[in-house]
Every structure is written in C-alpha cells, then in structure tokens.
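Take a look at the structure below.
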Amino acid sequence: MTTQATGPVDPAELDAALAEAHIPSLMMALVHLTGSTDHLTPARTPTYIPLGDEQGEIPEAERAAVRALARQAILDHANNGKPLPPQPDQATVRKMMDVIVGGEIPQRYATFLMQELGLEGVDADRPQWTESEKQAAADMHVVIIGAGMSGLLTAIRLQQAGVAFTILEKNPDVGGTWFDNSYPGCRVDTPNHLYSFSFEPNHDWPQRYSTQDVLLAYFRRVADKYDLKKHIRFDTSVEEAIWDEASATWTVRTVRADGAHGEVKGTAVVSAVGQLNQPRFPDIPGRDLFEGPSFHSARWRSDVALEGKRVAVIGTGASAFQFVPEIAPKAAKVTVFQRSAPWLAPTENYHEAVGEGKKWLLEHVPFYDKWYRFYLFWTMTDGVYDAVKADPAWNAPDATVSEMNQMLREMLVAAISAQTEGDEILRQAVVPNYPFGGKRALRDNGVWIAALRRDNVELVTKAVKAVTAKGVVTEDGTEHPCDVLIYGTGFQASRFLTPMRIVGKDGVELHEKWNGDARAYLGMTTPGFPNFFMIYGPNTNIVVNGSIIFFSEASVRYIVSCLELLARDNARTIEVKPDVHDAFNAKVDAANALMAWGVEGVSSWYKNDKGRVSQNWPFPLVDYWDATRAPNPKDFVIG
C-alpha cells in the first residue's frame, strides 16, 4: 500500500507523471496529503458518459488546477518533510467515494465498498482464527485441485490460518488458464490494476490489459512469495475423489504425467479447476479427416508455422477475437467461420501501454493507488447491470430486452457502423442479432474489424457442414481449402469438474446426481458431499459486472470460514442442507430468466444442454459479497 512518499522527488519527474494522472484519483489523494476537501468542487466532479474518457469530462482548466495543487502537496510531503494529516473520517471518505464515481453511491454498497477501498491497509480477508481453533485444526488437511489463480489464493488463506494443504496440478507450473492459453494475442479483458489479488497489488503492469506472459509471471511471483511450490504436486491430474463416511475423509486418486498413480487423503477438498479449462470441439462430421495440422486455441501449437499458409478459424469468440488479428498479417489467407457475431465493447486503450508517469504515481503518491483501483472497481461493479435486465413488459425490437438495453444497443451499433463504413455486407455480418448481454461481449479497439477488412481475410457466415481432408465445407456446399485448421470454439463450461469423478455419501457420484445440470449453494457446496467445495462453480460466472478475482476472493473467504466452523465446534463434517441449497437455486433460476442471457431464444455457453443458465450470477455484485461474508451455521449440518 502506498501511504507515504519513498524519498525526495525530482520536480521534473513529478511534472511528467502528473501529466498522465487520473484526475479523479489524484483529487482523492490530495485529501490525504492536505487534510482538506476544498478542492472537491462541483466543477471538478467527474461526469462519466458512455464511451467517454476516464477523466469524467472534467474541463482541462480544472485538471490543470488539480495538478498544480497536487504538485505542491507532493513536494511539501516528499521534499519538505511535511507529515500527512490524520486520515479523513468515515463521513469524509464516504463523500470522497461519491465524488470519484460522479454520483451518490447507494447506501447498500457503502460497507462493501469501504472494505474494498481498504484505506487502513489491512487485509480484511486474512483469516483471524483463535488459538483454540488453530489447535483444533491441527489434524486438518485440505486437498486443493488446481494451482491457478483460485488455487493459489486458497493456499495462501489456508497457510495464514495455519491449516495444512496439498495442491494437485495437472500442469508443470502454476498459472492455470494463463499457463494453458498461450495463443498469440492472449490477454485479460479486465483492467490489470483490478485483475490482481487485492492484497498483492502490482504498480508495474506494462499494459492496462496485460498479456498472458505478464499475467503468468505475476502468479509465479505470488507463488514464490508465499513459498507455495513446496506444497504443489505438479504434472499430477486428479482422476477421482471418494468420501469415506467412517473416517470423514476424502481420498483423492491421481495419475502423473509419467503414468504413475497415487493418492492423497484430506479432511476437505477444494476444487479450483474453474469452468473454462476443458476445450470444446464442435460436433462437425469429418473433423478427424483433415490432413493438415489442427488444434484448439487453448492448446496452441507454437510448432506450426502459419507464415504463408491458408488458415481456417472456426469460431469468433473471445480467443479468436484476440488471435485472428495477430495471425492475419502472417498468413497467406485467413478464413473465419462465424456462427454468431460477438458484441464489441469500445475500449480504445485495450492494447495501450501504461506510461511511466502512471506507474510513478501509483508507487509514490500516498493513497493514489487505492483510489485508482477503487475507481476501476466501481466502473465494473454494476455499471451496465441494469441494461441487461429484461423488462417483462418490453415488446419492442426482438434483439433487445428493455428500453435501456435498446439504448445501449444503438450506441454499440453506431460504433460498429463507424468501423465498417463503406462495407454494408460486413456491417450486417458483425452486428449481433441478439440482445447485448446475451453472450460475452468483447473489448474492442478496432483491431478485430480491421483484421476482417484485410484483403487476405474472409468472414464466412454460412454454417459449417463438414470438415474434409483439405478444408471446411459450408452448408451451401462450398469447400474452403486450408492448410491449418484452428478451433476457437470455447470450452465445456457446463460440464463442471470434468473429467474428475467425485463420489460422496452413499456412493453417489456428483455428475450422476447433477445429470447434466450442475447446481451448488453459492456456487460452492452441494448436499451429500461433506467438506467438498468449489471455486468458480455453478452460477458464479459474471457477464457485465465485476472481476473473477473478486468472486474468487469472496468464495475463498467463505470456504475458509466454513473450515473455521469445523474447528470452532471441534466437528468433522460440514454439509449444506438440501432445503437451503434448493431455495438458493430456485432464486437464481428465477433471476437468470429475467436477464439478457436467460431469456428464451438466446443461446450461449451460459446455458447447459437442458437450457438452464448454469454459469451466471444474476444479481448485483454486492449481493455475492453479502452472501459470502461469513457462513451461517444454520445453513449447514455440522457434525
């Protein structure tokens, strides 16, 4: 946390940094530097407009005035030794929160956002187990499946609680999805100053939306800092986990990459494998007949040279959206087969580097980093949530679900039309025919459509009928020859925990119980499977609000608290009650039916084969935070 300057400041360096400042965040830092809120005037209150800049339309003259005030305050503190005044009281911080977001934050968000802001510099989610609880947990051993973001987070929290654990990881390294996905152009679509652990900020992100290699390096550093690798069994896949009622333990059976089998016993199991880890190949006749190299984007073959080749890409989802612009300049021709167009969310800075001045401010100006992260968090909290809620009385255009949804659609179509000017055929092909929010929207800085407009790129909207030895055949009978075939067709998202077998009480296998319709209480726990928890489980995916890291931190806080209940009561098992589980899922289903992704006629990977939305959280972000602050013992059978 940045709470004080780290030494004398070069005025010229400071001026260069201030030129890159996020003015709303700088105004908040000024309060901490001076103890005054006089500069928080109406003229400097940001007004954020759709597709506007992050400065909130603050006039340039007012920006300059804020920079001048900040310059003097920073120099007084860093070079003249002026101490920081006492921290602003809660009422002042509440006012500051309203100012930086450019409006009054609803009271129900206040406590939630105050913790997220974290001005006290305290890791609020760090377990605070009593000595008696730690002693009771001395024999506890947790098996964590997966060493990606959520698995590492679980390990850190268990380590802080003093609970023993073992991590089983199928790959030879940590990182999860950021290890698996190495295709060209792979990057995160959440601002990186938010896509990081709240207790492990990084002020040195090279880009606002960092690439796969940078993200992998971050999680490697975290694993090293907390000395987690000694607890990880790499190259080890989980085949099954079996519950033994008599001993109240799980036996987790594994197989190593070299074929050796093994097992680990645990008092609890936490699955941190996520939803998007098993590639999905389309059910297309002749797929095995293709004679050239073919592979899924999540298993990218860097040994296959694409220079001068004819490349066919099936799918236009998030991965293809990133790698097609990268490979198009190298290939002789790229043929992209689109089933449905993705919505494009204008993000001009998607590939933008973070300036050295921005990094300097984050590292050296007291509390600037806290407020900048808070600004990013609020913009993604529930920003367009209302625009993807369906109005049951709405009977206007089929491709919208409410008046607000229609307004947003019109704005996005206008942005797409500007990029396709002069090519009406392309415009019609890339404007989605379903409501915004019905499927995953993609961050767009113009690169995608620019790639489609290249002379050597062809967008095919006819359905794929078959794959042959030499290419791809569409429903009109046209064969599109290619040398390399790449599948950008997503993941088996609805098949949670695949391919593992999870056997609970009375020999019931979890997949058989689910019968293709995965459900869990708060996405984490299921009746009949004591001491078994999931992270990024059913109905915890987010579409338009929040960061998945936020959800993981909330889930891990809850799971560790469940284990704390065991220790507190000196109990052996904790199992969610069926009625609690069922009532929660009924509530989720009813809410999802009224979201853009849940309305009838909209299909996506958010829905399982039975048509139920098994992926998404349909409520505001604050509701998940409230629900996971601490487990209610009345929701469980603890014995």
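Below are the figures for this structure:
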read-out: Top-ranked residue in the stretch 98-116 [being within 24 Å of the chain's Cα centre (by Cα) and aliphatic (A, V, I, L, M); ranked as farthest from TYR624 (Cα to Cα)]; value: ILE100
read-out: Residue that is surrounded by fewer than 20 Cβ atoms within 10 Å (Cβ to Cβ), over 23 Å from ASN192 (Cα atoms) and at pLDDT below 95, where the choices are ALA341, ALA387, ALA396; value: ALA396
read-out: Residue in the stretch 166-178 that is among the basic types (Lys, Arg) and under 16 Å from ASP235 (Cα atoms) present; value: yes
read-out: Selected residue (criterion: farthest from ASP125 (Cα to Cα)) from residues of the stretch 588-639 that are hydroxyl-bearing (Ser, Thr, Tyr) and in a loop (DSSP other than H, G, I, E, B); value: SER603
read-out: Residue satisfying condition, being assigned to a strand (DSSP E or B) and farther than 21 Å from ALA248 by Cβ, within set GLU512, GLU458; value: GLU458
read-out: Some residue of the stretch 58-65 being in contact (Cβ under 8 Å) with a residue 12 or more places away in the chain and under 30 Å from VAL622 (Cα atoms); value: yes
read-out: Number of the condition not met by ARG310 [criteria: (1) touching a helix residue (DSSP H, G or I) at 6+ places or on another chain (Cβ under 8 Å); (2) over 30 Å from GLU553 (Cβ atoms); (3) basic (Lys, Arg)]; value: (1)
read-out: Pairs, first over 11 Å from LEU426 (Cα atoms) in the stretch 448-465, second surrounded by fewer than 16 Cβ atoms within 10 Å (Cβ to Cβ) and among the hydroxyl-bearing types (Ser, Thr, Tyr), C-beta under 8 Å, six or more apart; value: LYS462/THR478
read-out: Looking only at the stretch 234-262, and only at residues there that are exposed (fewer than 15 other Cβ atoms within 10 Å of the Cβ) and in a strand (DSSP E or B), the one that is nearest to the chain's Cα centre (by Cα); value: GLU239
read-out: The stretch 152-178: number of residues that are hydroxyl-bearing (Ser, Thr, Tyr), over 20 Å from the mean Cα position of the chain (by Cα) and either under 14 Å from LEU563 (Cβ atoms) or part of a helix (DSSP H, G or I) (or both); value: 0
read-out: Test for VAL222: is it under 30 Å from PHE377 (Cβ atoms), surrounded by 15 or more Cβ atoms within 10 Å (Cβ to Cβ) and in contact (Cβ under 8 Å) with a residue 40 or more places away in the chain; value: yes
read-out: Any pair with Cβ under 6 angstrom, 6 or more apart, that starts in the stretch 481-493 at a residue that is in contact (Cβ under 8 Å) with a residue 12 or more places away in the chain and ends at one that is aromatic (Phe, Trp, Tyr) and in a loop (DSSP other than H, G, I, E, B); value: LEU485/PHE290; TYR487/PHE281; GLY490/TRP605; ALA493/TRP605
read-out: Tally, over the stretch 67-90, of residues that are buried (at least 16 other Cβ atoms within 10 Å of the Cβ), of a type in the set (Gly, Ala, Ser) and modelled with pLDDT of 95 or more; value: 2
read-out: Test for ILE559: is it buried (at least 22 other Cβ atoms within 10 Å of the Cβ), in contact with a Gly (Cβ under 9 Å, 6 or more places away or on another chain) and not basic (Lys, Arg); value: no
read-out: All positions within the stretch 38-58 that are surrounded by fewer than 12 Cβ atoms within 10 Å (Cβ to Cβ) and more than 26 Å from ARG409 (Cβ to Cβ); value: ASP38, PRO42, ALA43
read-out: Of residues in the stretch 223-244 being charged (D, E, K, R) and out of contact with any Asp or Glu (no Cβ under 8 Å at 6 or more places or on another chain), the one farthest from ILE574 (Cα to Cα); value: ASP224
read-out: Filter result for the condition that a residue is of a type outside the set (Gly, Ala, Ser), modelled with pLDDT under 95, surrounded by 18 or more Cβ atoms within 10 Å (Cβ to Cβ) and touching a helix residue (DSSP H, G or I) at 6+ places or on another chain (Cβ under 6 Å), over TRP378, TRP371, TRP360; value: TRP378
read-out: Pairs where the first residue, in the stretch 369-394, is free of Cβ contacts under 8 Å to residues at least 60 places away in the same chain and more than 23 Å from MET114 (Cβ to Cβ) and the second is of a type outside the set (A, V, I, L, M) and loosely packed, with under 15 Cβ neighbours inside 10 Å, C-beta under 8 Å, 6+ apart; value: ASP391/GLU403; TRP394/GLU403
read-out: Residues satisfying the stated conditions in the stretch 414-425, i.e. crowded, with 18+ Cβ neighbours inside 10 Å and without any contact (Cβ under 8 Å) to a residue 40 or more places away in the chain; value: GLN419, THR420
read-out: The stretch 92-127: number of residues that are of a type outside the set (Phe, Trp, Tyr) and in contact (Cβ under 8 Å) with a residue 40 or more places away in the chain; value: 20
read-out: Enumeration of residues in the stretch 470-494 that are among the aliphatic types (A, V, I, L, M), within 17 Å of HIS296 (Cβ to Cβ) and part of a strand (DSSP E or B); value: VAL472, VAL484, LEU485, ILE486
read-out: Criterion: crowded, with 20+ Cβ neighbours inside 10 Å, over 24 Å from TRP605 (Cβ atoms), in contact with a strand residue (DSSP E or B) (Cβ under 7 Å, 6 or more places away or on another chain) and of a type outside the set (Val, Ile, Thr) - qualifying residue of ALA298, ALA331, ALA353, ALA312; value: ALA331
read-out: Odd one out for ALA441, checked against (1) buried (at least 19 other Cβ atoms within 10 Å of the Cβ); (2) at pLDDT 95 or above; (3) over 30 Å from PHE290 (Cβ atoms); value: (2)
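Each row is one residue, and each column tells you yes or no for (1) assigned by TED's automatic domain parsing to the domain that holds ASN181; (2) surrounded by fewer than 22 Cβ atoms within 10 Å (Cβ to Cβ); (3) touching a strand residue (DSSP E or B) at 6+ places or on another chain (Cβ under 7 Å); (4) outside any strand (DSSP E or B).
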| residue | (1), (2), (3), (4) |
| --- | --- |
| ILE502 | yes, no, yes, no |
| GLY523 | yes, no, yes, yes |
| PRO530 | yes, no, yes, yes |
| PRO538 | yes, no, no, yes |
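The values are calculated or read from the model by the stated rules, or taken from the named source; none is laboratory data. Note that the coordinates shown come from a computational prediction; the quantities given were computed from them, not determined experimentally. Please note: Cβ atoms are built from the backbone with ideal geometry, for glycine as well, and neighbour counts cover all protein chains shown.
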